[in-house]
Amino acid sequence: MAESSTLAQTIRDIVQRHQKLPTRLLQILREVQDRLTWLSTEAINVVAEELGISPAKVRSVAEFYSFLYTAPRGSYDILFSDNITDRMLGNRELLHYLADRLGVAINGTRADGRVSVGTTSCTGMCDQGPAALVNGYALTRLTKPRLDRIVELVNAKTPLEQWPREFFEVVSNIRRADILLGRHFADGAALRAVLKRGPEAILEEMVKSGLRGQGGAGFKSAAKWQSCRNAPGEVKYVVCNADEGEPGTFKDRVLMQDYADLVFEGMTVCGRVIGARQGFVYLRGEYRYMVDALKATLQRRREAGLLGAAILGDASFEFDIDIHLGAGAYVCGEESALIESLEGKHGVPRIRPPFPTTHGYLNKPTVVNNVETFASAAKIAVEGGNWFASRGTAESKGTKLLSLSGDCERPGIYEYPFGVTVRQVLEDCGARDAQGIQMAGPAGHMISAKLFDRRICFEDLATGGSFMVFDQRRDILDGIRNFAHFFVHESCGFCTPCRVGTSLMRDLVDKVHTGHGTRADLEEMRKLGQIMRVASHCGLGQTAPNPVLDSLDQFPESYERRLRSTAFEPAFDMNAALEQARWLTGRTDPDAYLDEEILSRAMP
Amino acid sequence: MSEEPRFTLDGRTVPFQDGQTIMAAALAAGIYIPHLCFNPEFTPHGSCRVCLVKVNGRMQASCTTPAAAGQVVQSEIDEVREIRRGLLQMLFVEGNHVCPACEKSGACQLQAVAYYVGMLAPHYTHFYPRRPVDASHPDALIDFNRCILCELCVRASREVDGKNVFAVQGRGIKAHLVVNTPSGKLGATDFSLSDKAAQVCPTGTILSKHSGYEIPIGQRLYDRKPINVVGDVAALAVSKGGRRHD
């Protein structure tokens, strides 16, 4: 009784701190879980009651996000990043090693409730993996000695604050800088420009710059801002999409960590141009380690008159920024799903039209741009559109940040003018023996060596920035399988082709990978992929079959050398299905077996 | 200006009013586009994707795509039919649909649309999910095995009945229909068979107790005429073999 009233009081305090706003539901659930390690039915009911919404609604949010738990979880929750780049660095061996040493099953919780160990989608530390999260905080460069130390810390119940700082060190690895990363930017310069020249003039510079959405979709940023500016309504919003979930991408992490002022300034300029007074940064849950620093930066900007009321002393210039933390959902990188999540709901993409520029956050006109887009916008406000447009190609102006990882000597961030060839990038990062590139992440495209002269720009190879290198030692199908499992985990489940199709595709890839596939299965993959591509509700499902469809064309031998010669193999393994019955009956006679090979092993 | 805007659908000219979707305009013109999560009485959902059509060369859900003057829409072409068939097959393997034993067989929209798009077998590997049946309510039974997540009951209960009995929880392939009570049981709600939510299911998920198989299989709604001729089971009165209460 005392325990449950404490629980209720803890939750009431948290909900109170969020002004009992249902839009804060995701943030509230995160905090409740931080205190209680998981979201019990009782906790969910109290949250629902305090917010005046149904328990089912609270649970639908709790069950949607990977980092929220509706079953008991250890006080230390350790999740290994399971991107293919982590696998290349040996994360599976480390995962098993840690689980063994802690005496906990993978994806399980130890009997004493102390610790859980599992896996999660790419945590954006591909240039410094193998990586993991402990209670949401990023761990980098894991090694067995480091894990040995972690075992001691967990067993000694040492609070995270007392763990060695170097375990949590996240370095930026900026290897090549151009106009965005290389040139000095004085805080407030873009704000002074917009005040002096006015919103129309800045918008004109944005048009001249040709800046396109740097998340990868490539929509003209000026058109977005203009549409939102023209949209009727007094209340408008600016949203920065820092939900950098595409496996292999980490450039937004570097921008938020080292260039936060530039990003905040770009958002504030946008606020002035479209007439918004409130901005949000939707930061992926994996980057929670930087929340305190970002909040401090925001506070410093308020104190310097660069944010808040009366920016630069002008009473008509008001704009503030709030940080909203995600909780493990790749689909929230899609702008309308991100808005749903920002409103405290589960992240299912909306039907479009209407678009966010007219019906966005709380149905108000909203600009959603990527981190890099806002950073570029701040520079454009100061230096002018022509300056920016002098770099790049005809249709892709300016520069692009690439996140390099995988088999190369110097992984990290590379800023190039648009139009650079894949070959050039490979040379610069020290990838001597590449057989293929996964460009723009699993949702992007697989590029084999014969396409390395293609150029990175919207006219040719569009990208949000992920660039994962596979050298000759790698089995391409290992990557494809990793991506197929990723999409099953990340599908939101709203539409049929993505919800069901991702699972069917995973099963087909697994079947081929384990040597049970036939040519008919490859044909089946193509047909299924085509349905997913054209019929899915949002970009997630439309791009989910890309790794399979691309690699079938680019790397057919990866599949073919595993195929059975028969025309058709059933989807289930008859021998595996019979195994238990054989064991129970103790039968070893020929009639109990279908397969000659197994028979010869069982009866020498 | 007096000229009503039009688009073409499989060569036929279809007039529409501003703001109408392709589906709504087609329906008004008496042209059938197969669908499951769409019901003209509710805001379009766009989740089943069965109403996909080719609009100016691009696949779009007709229930959510606004009609526009001069659009060239293709519905009954092989390319579209093949995708629809694939979507139906996905729905059949995702749940547990045992048509020959189902009380709704012959008066089931899912089954009728499957026939309409030429689906003869589920083709894909069955998932065989474990989904317990909820028989806690005195008059109604929920067989979650047949749920296709169209959310029509969710919408009907919230928007028409004002009861908010149903919800969808979980992500991805784990998404599932739930009953909105602490116990998760229908018996603990004020759900009634006369609710709109009881009349809109396009499958046999929500069933009434105490009666069954009153019309023999073979003489049911879609046994007699295909769905493109008689329309949706949810739109037809009970007296005509449908589910709608008058």
Scanning the range B:175-209 residue by residue, those under 28 Å from A:ILE44 (Cα atoms) and in contact (Cβ under 8 Å) with a residue 60 or more places away in the chain turn out to be B:THR205, B:ILE206
Is at least one residue of the range B:148-162 part of a loop (DSSP other than H, G, I, E, B) and more than 22 Å from B:PRO44 (Cβ to Cβ)?
no
Exactly one condition in (1) of a type outside the set (Lys, Arg); (2) touching a Pro at 6+ places or on another chain (Cβ under 9 Å); (3) at pLDDT 95 or above is not met by A:ILE53; state its number.
(3)
Condition met for A:ARG149 (in the same structural domain as A:THR249 (by TED's automatic domain parsing) and in a helix (DSSP H, G or I))
no
Within the range A:160-219, which residues are among the acidic types (Asp, Glu) and touching a strand residue (DSSP E or B) at 6+ places or on another chain (Cβ under 7 Å)?
A:ASP178
Given the conditions (1) outside any helix (DSSP H, G or I); (2) within 12 Å of chain A (Cβ to nearest Cβ), report the number of the one that B:LEU120 does not fulfil.
(2)
Pull up the range A:41-52, narrow it to residues that are β-branched (Val, Ile, Thr) and over 15 Å from A:HIS18 (Cα atoms), then point me to the one that is farthest from the other protein chains (Cβ to nearest Cβ).
A:ILE44
Here are some conditions: (1) part of a loop (DSSP other than H, G, I, E, B); (2) within 14 Å of chain A (Cβ to nearest Cβ). B:PRO138 meets all but one. Which one does it not meet?
(2)
Working only within the range B:28-42, note down all residues that are buried (at least 24 other Cβ atoms within 10 Å of the Cβ) and touching a Leu at 6+ places or on another chain (Cβ under 7 Å).
B:LEU36, B:CYS37
Just name the residue that is farthest from the other protein chains (Cβ to nearest Cβ) out of those in the range A:451-480 that are under 20 Å from the mean Cα position of the chain (by Cα) and under 26 Å from A:GLY213 (Cα atoms).
A:VAL469
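Residues checked against (1) touching a helix residue (DSSP H, G or I) at 6+ places or on another chain (Cβ under 6 Å); (2) in the same structural domain as A:CYS228 (by TED's automatic domain parsing); (3) surrounded by fewer than 18 Cβ atoms within 10 Å (Cβ to Cβ); (4) part of a helix (DSSP H, G or I):
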| position | (1), (2), (3), (4) |
| --- | --- |
| A:VAL273 | yes, yes, no, yes |
| A:LEU298 | no, yes, no, yes |
| A:SER316 | no, yes, yes, no |
| A:ASP322 | no, yes, yes, no |
| A:SER336 | no, yes, no, yes |
| A:ILE339 | yes, yes, no, yes |
| A:HIS346 | yes, yes, no, no |
For the condition under 27 Å from A:ALA394 (Cα atoms) and assigned to a helix (DSSP H, G or I), what is the one hit in A:ASP252, A:ASP261?
A:ASP252
Which one of A:ALA186, A:ALA223 is more than 27 Å from A:GLY285 (Cα to Cα) and in a helix (DSSP H, G or I)?
A:ALA223
In the range A:306-339, residues that are touching a residue at least 24 places away in the same chain (Cβ under 8 Å) and either of a type in the set (A, V, I, L, M) or at positive phi (or both) total 14
Suppose we keep only residues that are farther than 21 Å from B:ASP78 by Cα and surrounded by fewer than 20 Cβ atoms within 10 Å (Cβ to Cβ) within the range B:7-26. Which one would you say is farthest from the other protein chains (Cβ to nearest Cβ)?
B:PRO15
Evaluation of A:ARG410 against (1) surrounded by fewer than 22 Cβ atoms within 10 Å (Cβ to Cβ); (2) over 24 Å from the mean Cα position of the chain (by Cα) (one fails), failing number:
(2)
Specify the residue that is farthest from the other protein chains (Cβ to nearest Cβ); the eligible residues are those in the range A:64-75 that are surrounded by fewer than 24 Cβ atoms within 10 Å (Cβ to Cβ) and in contact (Cβ under 8 Å) with a residue 40 or more places away in the chain.
A:SER75
Reported set for the range B:6-15 where residues are assigned to a loop (DSSP other than H, G, I, E, B) and out of contact with any strand residue (DSSP E or B) (no Cβ under 7 Å at 6 or more places or on another chain) is B:GLY11
What do you reckon, is B:VAL154 farther than 21 Å from B:LEU27 by Cβ, out of contact with any helix residue (DSSP H, G or I) (no Cβ under 7 Å at 6 or more places or on another chain) and crowded, with 21+ Cβ neighbours inside 10 Å?
yes
Go through the range B:43-75 and report how many residues are crowded, with 17+ Cβ neighbours inside 10 Å, more than 11 Å from chain A (Cβ to nearest Cβ) and in a loop (DSSP other than H, G, I, E, B).
4
Can you tell me how many residues within the range A:374-391 are crowded, with 24+ Cβ neighbours inside 10 Å and either of a type in the set (S, T, N, Q) or in contact with a strand residue (DSSP E or B) (Cβ under 8 Å, 6 or more places away or on another chain) (or both)?
4
Restrict the check to the range B:89-111 and report whether at least one residue is out of contact with any Pro (no Cβ under 8 Å at 6 or more places or on another chain), closer than 30 Å to B:GLN219 by Cβ, modelled with pLDDT of 95 or more and outside any loop (DSSP other than H, G, I, E, B).
yes
Mind telling me which of the residues A:ALA177, A:ALA231 ends up being surrounded by 14 or more Cβ atoms within 10 Å (Cβ to Cβ) and farther than 21 Å from A:SER396 by Cα?
A:ALA231
Count of residues meeting criterion [buried (at least 21 other Cβ atoms within 10 Å of the Cβ) and away from chain A (no Cβ under 13 Å)] in the range B:141-151
3
Exactly one of B:GLY162, B:GLY170 is more than 10 Å from every other protein chain (Cβ to nearest Cβ), free of Cβ contacts under 8 Å to residues at least 40 places away in the same chain and more than 22 Å from B:ARG84 (Cβ to Cβ), and that residue is B:GLY162
Looking only at the range A:38-63, count how many residues are closer than 17 Å to A:THR10 by Cβ and crowded, with 22+ Cβ neighbours inside 10 Å.
7
Output for the range A:340-357, where each listed residue is under 18 Å from A:ASN230 (Cβ atoms), within 14 Å of chain B (Cβ to nearest Cβ) and in contact (Cβ under 8 Å) with a residue 40 or more places away in the chain
A:PHE355
Kindly state which helices (runs of 4 or more DSSP H) lie completely within the range A:481-558 and contain at least 3 residues that are facing chain B (nearest Cβ under 9 Å).
A:496-513, A:519-535
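The values are calculated or read from the model by the stated rules, or taken from the named source; none is laboratory data. Since we're looking at a predicted model, the values are computed, not measured. Virtual Cβ from ideal backbone geometry, glycine too; neighbours counted across all protein chains shown.
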